Amino acid sequence: MEISDPIIIDAGKAKLTAGTTTTVSVGDRVTLICSVEKSTGWKYEWFRGTSYLSEYRINGGENGEIRVSQGGIYRCRGFRGEPAIYSDTSDEVNIYITFPNKVIVTQKPSWSQMFRGETITLTCEVQGGEGVQWEYQWRTPQSQRYRTNRKDWTITASISGEYSCKSRSTYDSYSSTNWSEALKLSVSGKNVIFNQM
């Protein structure tokens with residue numbers, strides 16, 4: 001159910017705040033608090049959306065507080081009276097959920113030494129992630145980030161630095177694993193040496 005056009009009579013703007021963090025492990029909850037400062041007697045409506053799902057109304061929290069366990073984009077607004085008068089809708093708060101799955105970066109070929117310019121395939125493995133359609137994000141020595149639908153990423157050995165990856169569900173961009181341990185790429189003038197940190 002999408003947000004309908006509200007009746008707003010200079011009621012002020014709702015303020016939405018999260019608890020101590022906006023990123024929690026899967027299964028944990030985040031407390032969201034909604035308030036309208038101008039006067040008392042407000043009840044509250046809550047809305048959630050994601051990158052793939054239009055914003056819709058969710059249940060609970062008429063007293064101005066809810067606990068959520070799903071990642072996504074949250075907003076709220078206050079209402080009171082009959083017929084209802086609505087406040088302006090709050091700004092967005094983004095909630096992120098982290099999966100406990102361990103992520104490992106492996107490399108092929110697995111030789112300890114490689115010549116500069118040779119191609120290397122890095123693989124982002126999610127342990128216990130079978131059956132989930134993953135997207136992958138890579139972090140490079142230049143602090144650049146790349147996204148791909150494939151767990152394998154082929155690069156040309158060129159500079160020293162660390163590579164790491166994390167994964168997220170294709171259908172939920174607000175839930176992801178933590179970053180893997182870094183795979184250190186040491187490049188000399190003659191060859192490339194990989195060391196798992």
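The values are calculated or read from the model by the stated rules, or taken from the named source; none is laboratory data. Bear in mind the structure is a predicted one, so any value in this text is a computation, not a measurement. Here Cβ is always computed from backbone atoms with ideal geometry, including for glycine, and neighbour counts include all displayed protein chains. The accessibility values were calculated without ligands, DNA or RNA, using every heavy atom of the protein model including side chains. Shrake-Rupley method; radii C 1.70, N 1.55, O 1.52, S 1.80 Å.
Ignoring ligands, DNA and RNA, please state the percent of accessible area on the chain from carbon and sulfur, probe 1.4 Å. Mind showing how you got there, number by number?
Numbers: 5290 of 11320 Å².
Using a 1.4 Å probe with all protein chains present, the chain comes out at 47 percent carbon and sulfur.
Bridgeable aspartates and glutamates around LYS166 (alpha carbons under 17 Å apart, same-chain partners fewer than 8 residues away excluded): GLU125, GLU130, GLU135, ASP152, GLU181.
Placing TYR163, TYR96, TYR56, TYR171 in order of accessible area, with the largest value first and a 1.4 Å probe, yields TYR171, TYR96, TYR56, TYR163. Solvent-accessible surface of protein heavy atoms, probed at 1.4 angstrom with all chains present, puts VAL103, VAL132 in the order VAL132, VAL103, largest first. Residues in region 162-178 carry Karplus couplings, in order, of 10, 10, 9, 9, 9, 10, 9, 5, 4, 9, 8, 6, 9, 10, 8, 7, 7 Hz; the curve used is 6.51 cos²θ - 1.76 cosθ + 1.60 with θ = phi - 60°, and Gly or Pro positions show x. Annotation: amide H of THR50 within the under-5 Å range of ILE73, sequence separation 5 or more or interchain, hydrogens built in the peptide plane.
For region 107-151, what does the alpha-carbon gyration tensor say about shape, rounded, prolate or oblate, given a ≥ b ≥ c as the root eigenvalues, a/c under 1.5 as rounded, and a/b over b/c as prolate? Judged from the Cα gyration tensor, region 107-151 comes out oblate (a/c at least 1.5, b/c at or above a/b). Rounded to whole numbers, the Karplus 3J(HN,Hα) couplings from phi for region 52-65 are 10, 10, 5, 4, 9, 6, 10, 8, x, x, 4, 7, x, 9 Hz, using 6.51 cos²θ - 1.76 cosθ + 1.60 with θ = phi - 60°, and x at Gly and Pro.
Please go through region 41-123 and write out the GluC sites (Glu not before Pro) that DSSP classes as loop and that have at most 15 other C-beta atoms within 10 Å. Mind dumping the intermediate values first?
Details: sites: GLU45, GLU55, GLU62, GLU65, GLU92, GLU118; in loops: GLU55, GLU62, GLU92, GLU118.
Listed in order of number, the matching sites are GLU62, GLU92, GLU118.
What does the extension gain come out to for THR17 and GLN133, with contour length at 0.36 nm per residue minus their alpha carbon separation?
Numbers: separation 116, 0.36 × 116 = 41.76 nm, distance 3.18 nm.
Full extension of this stretch gives 38.6 nm more.
For a straight C-alpha distance cut-off of 20 angstrom, the aspartates and glutamates reachable from LYS43 (same-chain residues fewer than eight places away being disregarded) are GLU2, ASP5, ASP10, GLU55, GLU62, GLU65, GLU82, ASP88, ASP91, GLU92. Computed with the Debye formula from one identical point scatterer per Cα of the chain, without solvent, the log10 of I(q)/I(0) at q = 0.09, 0.12, 0.16 Å⁻¹ comes to -0.49, -0.70, -0.95.
Rounding to the nearest 20 debye, state how big the charge dipole of region 5-84 is about its Cα centre with +1 on each Lys and Arg Cβ and -1 on each Asp and Glu Cβ.
My answer is approximately 120 debye.
Here the dipole of the chain is about 700 debye; that uses its Cα centre as origin and unit charges on the Cβ of Lys and Arg (positive) and Asp and Glu (negative). Amide H contacts of THR23 (H built 1.01 Å from N, in plane; Pro and chain starts excluded): TYR96 sit under 5 Å, all sequence-distant by 5 or more or on other chains. Comparing ASN59, ASN149, ASN101 in a Gaussian network model of the chain, where Cα atoms under 10 Å apart are tied by springs, the biggest mean-square fluctuation is seen for ASN59.
Size of the dipole of region 61-102 about the Cα centre, Lys and Arg at +1 and Asp and Glu at -1 on the beta carbon, nothing else charged, in debye to 20?
Values: 5 positive and 6 negative charges, 53 e Å.
In total the dipole reaches around 260 debye.
Quick one: order LEU185, LEU53 from most to least accessible surface, probe 1.4 Å. List each step's numbers first, then the result.
Working: LEU185 0, LEU53 85 Å².
Ranked from most to least accessible, the order is LEU53, LEU185.
Positive-end ranking of PRO141, ILE97, GLY41 along the dipole of the chain, with charges on Cβ about the Cα centre, is headed by PRO141.
Can you give the FRET efficiency for THR148 and ASN59, using 1/(1 + (r/R0)^6), R0 = 41 Å, r = Cβ-Cβ distance, to the nearest 0.05?
Values: r = 37 Å, r/R0 = 0.90.
Computed FRET efficiency for THR148 and ASN59 comes out at 0.65.
Our coupling estimate for region 73-82, obtained by passing each phi through the Karplus curve with A = 6.51, B = -1.76, C = 1.60 and θ = phi - 60°, is 9, 10, 9, 8, 8, x, 8, 7, x, 9 Hz, Gly and Pro reported as x.
Bridges between two residues of the chain, per DSSP, are antiparallel at a rate of about 90%.
Within region 88-132, all pairs of alpha-carbon atoms sorted by distance into 5 Å bins from zero give the percentages 5, 14, 15, 13, 11, 9, 11, 8, 5, 4, 3, 1, 1.
Given axes a ≥ b ≥ c from the Cα gyration tensor, I'd like to know whether region 51-158 is rounded (a/c under 1.5), prolate (a/b larger than b/c) or oblate. It is prolate, given that a/c is not under 1.5 and a/b is the larger ratio.
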